[in-house]
Amino acid sequence: MATDNLPPLPSDADLRRLIHFSAGDGRIWLAGHRMVLLHLGGLANLRKELMQTIGVEQTRRVLKRAGYESGVRDATLARQVRPNATPFEQFAVGPQLHMLEGAVQVTPEFCDFDLEAGKHHGIFRWDHSWEVESHVRDFGPQTEPVCWMLIGYASGFTTAFFGKQFLYREIQCAACGHDSCRIEGRPLEDWPDGEQLMEDYQADSLLVRMEDLQADLESLRVSLAPSDDLGELIGRSKSFDKAIELLRKAAGTQVTVLLTGETGVGKERFARTLHAMSPRASKPFVAVNCAALPHELIESELFGAEKGAFTGAGAARPGRFERADGGTLFLDELGELPPSAQAKLLRVLQTGEVERLGATATRKVDVRVVAATNVDLEAAVEAGRFRRDLMYRLNVYPIGIPPLRDRIEDIEPLANHMLQAFMALHNKRVAGISDRALDAMRNYPWPGNVRELENLIERGLIITPAGQMVDVDDLFAVAPTPPPVTLSESGELKQALPADLDTLFDELQKRGLSLDALEDGLIQQAVDRAGGNLSAAARALGLTRPQLSYRLQRIRER
Ligand SMILES: [Zn+2]
């Protein structure tokens, strides 16, 4: 493209709209990325103390890498925000965000693109660099460039923008007495000393190298693990810890365990883990889903059948009980077991012997039974659908597995673990999950629990372009409501109102709803959708939990 007459930078109104101040919950957003408004004095002090403790060289490298990470994140927005713009306008997202973020004033002087060949050559002038300002104040005039974080940003942004390694360097820095800084960027291979420049961006300490190796090993391990290990038992929440603690205590014993919990909470994973932790780990783990088997087949599946026991039983075959001999039999959705099978199961549990259909003798089996149900067995007994004596027999050691909405702090580690596993499975790499997407996940009530999370993460990975971050739109069809305050073009904070406020107002008028009634309705809706979880409902409404409680109280008093 033409280079001598660079077009002016496009309006940054589209970028300003990405900034949301959500003061009510203490957060600032740049699209999906959480930002922090810092005092330059504080940041400058951090920079100074870093130099004094780990030295100038190390500080330069650390700050370059920190800037690089920011640049990479901003690059994920470039094509997203300006999908139909020229390459220059898309690329300008970097310099323009850098300005909006208060880092430096950027003036393009030369900018050349060959997107197909992966070539780019750019020269930009920098004024008001925060690093020059603080460095010169603390250490006086310099002989070497000092805009480390800034140059890291330019390199990271350009590299992520093109999907290949680029390096920017300062060809002059205002800290060295020039009237402004000037930076130049080229592909790595076009710099004669490119490899040497790259060293600043490589993790350097032995410790970090070891961490890298460990991460490689982990991803290998994940990619080798069977797919049903995806999102294996991971969590740090109190309710999850409690369930794990019960599981651990039961593992060494022979006790019959009953796992209860909503659909999708991972009951089979708990059962497998229990088996793996038990002395039976080297013996078979056999799972049966009682709801998935036709009623007429369930008894022969569980207990086996002799030849000719029923139409279609061509040969004698062992049932799942026999196949699990020495190991663990997992009976999922136990509440669906038909009455005659319930009677037979009770007998096996009482005697430790199974009788194949059509057989004249019984066989001894040594099986530990783990049952699971998402229905209330007590209620099923009351309704006459489940045997009371069988329930007592199975309900010796119940473990309640909490729904995902009650273990919000587990969502991030679970999601990251699943993402790693799916990246290995689909042989595709993305940059991670955006802060905004994680936030939306924490606010979602998860009716389908861990299984739903797993589906969403897999879908998110497939939709997200390689190298980018999985964002909220990649996970949820409808993004949650935006935070309430945004940055106007005049630079002031203003209330961010939905575009169709007119429609909403007309609707209110039409229905004769008062503002109070609307507020009550919205609050009730949020509480219902969060399944009664007030913390989640409060987050969804952008309120604190005490604020929500107060309003609920007021509704009840009306
Ligand atoms: Zn500089």
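Table: residues versus (1) at negative phi; (2) part of a loop (DSSP other than H, G, I, E, B); (3) surrounded by fewer than 16 Cβ atoms within 10 Å (Cβ to Cβ).
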position	(1), (2), (3)
His20	yes, no, no
Gly42	yes, no, yes
Asn45	yes, no, yes
Leu50	yes, no, no
Thr59	yes, no, no
Gly67	yes, no, no
Gly71	yes, no, no
Ala85	yes, yes, no
Gln90	yes, no, no
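Screening region 258-376 for helices (runs of 4 or more DSSP H) wholly inside it with 1 or more residues that are over 32 Å from the mean Cα position of the chain (by Cα) and at pLDDT 90 or above returns the ranges 295-303, 320-323, 339-351.
Scan Leu30, Leu77, Leu40, Leu46 and give me the residue that is without any contact (Cβ under 8 Å) to a residue 12 or more places away in the chain and of a type outside the set (Val, Ile, Thr). So that I can check it myself, show each step before the final result.
On the way: Leu30 fails: without any contact (Cβ under 8 Å) to a residue 12 or more places away in the chain; Leu77 fails: without any contact (Cβ under 8 Å) to a residue 12 or more places away in the chain; Leu40 fails: without any contact (Cβ under 8 Å) to a residue 12 or more places away in the chain.
Matching residue, one of Leu30, Leu77, Leu40, Leu46: Leu46.
Among the residues of region 69-101, those identified as in contact with a helix residue (DSSP H, G or I) (Cβ under 6 Å, 6 or more places away or on another chain) and of a type in the set (Gly, Ala, Ser) are Ser70, Gly71, Ala75, Ala78, Gly94. The residues of region 241-252 that are surrounded by fewer than 20 Cβ atoms within 10 Å (Cβ to Cβ), more than 20 Å from Met391 (Cα to Cα) and of a type outside the set (D, E, K, R), listed by number, are Ile244, Ala251, Gly252.
Please determine, by comparing only the residues of region 136-156 that are of a type outside the set (A, V, I, L, M, F, W, C) and surrounded by 23 or more Cβ atoms within 10 Å (Cβ to Cβ), which one is farthest from the ligand (Cβ to nearest atom). Residue satisfying both the conditions and the ranking: Gly156.
Yes or no, residue by residue, for (1) within 11 Å of the ligand (Cβ to nearest atom); (2) within 16 Å of Gln468 (Cα to Cα); (3) in a loop (DSSP other than H, G, I, E, B):
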{"residue": "Thr76", "(1), (2), (3)": "no, yes, no"}
{"residue": "Leu97", "(1), (2), (3)": "no, no, no"}
{"residue": "Pro108", "(1), (2), (3)": "no, no, no"}
{"residue": "Trp126", "(1), (2), (3)": "yes, no, no"}
{"residue": "Thr158", "(1), (2), (3)": "no, yes, no"}
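Of the residues Gly177, Gly163, the single one that is at pLDDT below 95 and within 16 Å of the ligand (Cβ to nearest atom) is Gly177. So Gln172 clears everything in (1) exposed (fewer than 15 other Cβ atoms within 10 Å of the Cβ); (2) within 11 Å of the ligand (Cβ to nearest atom) except one condition, right? Which one? Failing condition for Gln172: (1).
The values are calculated or read from the model by the stated rules, or taken from the named source; none is laboratory data. Since the model is a prediction, treat every value here as computed from it, not as a measurement. So basically every Cβ, Gly included, is an ideal-geometry build from the backbone, and we count neighbours across all protein chains shown.
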